[in-house]
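Read the figures in this text as sums done on the coordinates, not as results from a lab. Note that this is a predicted model, so its numbers are computed, not measured. Cβ: placed from backbone, ideal geometry, glycine included. Neighbour counts: every protein chain shown.
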Amino acid sequence: MDVLVLIGRILFVVLFLGASVNHLGKTAAMAGYAKSRGVPFATPATLVTGTMLLFGGLSVLLGIWADLGALVLFLFLVPTAVLMHAFWRETEAGARQNEMLHFMKDLALGGASLMLFALIAHAGDELGLMITAPLFTID
């Protein structure tokens, strides 16, 4: 089971690590998009969310307080779904469909992050292939 969870962790974080590179490496462009979606303080928000993505992704990948990393990703994903992909505001059918897809993707990944948090916090040291033990404990 340890190897399957490790492979799942690796595949799970690819999206988040790639997004962190864009947030932190192309901050002006990403902040411009965030501003166009109505996000206040778009540049600082882009830097904070880029850091969340980097920390959460590396934490889950490396197994260093991976439960905390999964929780950070959850805390990124749910507000992002609502703020950045508010499909209900779109009037054009194609744009509405695209934003709904991204909204649902973020919610699904948020759910997966929450499940990963619970799995790691529940399994504790028995999960294996982690550098540190989980920060949280769920019985």
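Okay, here's what the table says:
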read-out	value
Built amide H within the under 5 Å cut-off of TRP65, gap 5+	THR132
Sites ILE131 and LEU24, calculated FRET efficiency, Cβ-Cβ separation with R0 35 Å, nearest 0.05	0.90
Cβ-placed point charges (K, R +1; D, E -1), dipole of the chain about Cα centre in debye, nearest 20	600 debye
Among (1) 0.94; (2) 1.03; (3) 0.98, the entry that matches Rg/Rh (Cα atoms, Kirkwood Rh) as calculated here	(2)
Kyte-Doolittle mean at least 0.5, axial Cα span of 15 Å or more - DSSP H helices of the chain	2-25, 42-62, 66-84, 93-123
Label-point gap, in nm, between THR51 and LEU75 - each point 7 angstrom along Cα→Cβ	1.2 nm
Span from the the stretch 106-138 Cα centroid across to the the stretch 1-52 one, whole angstrom	20 Å
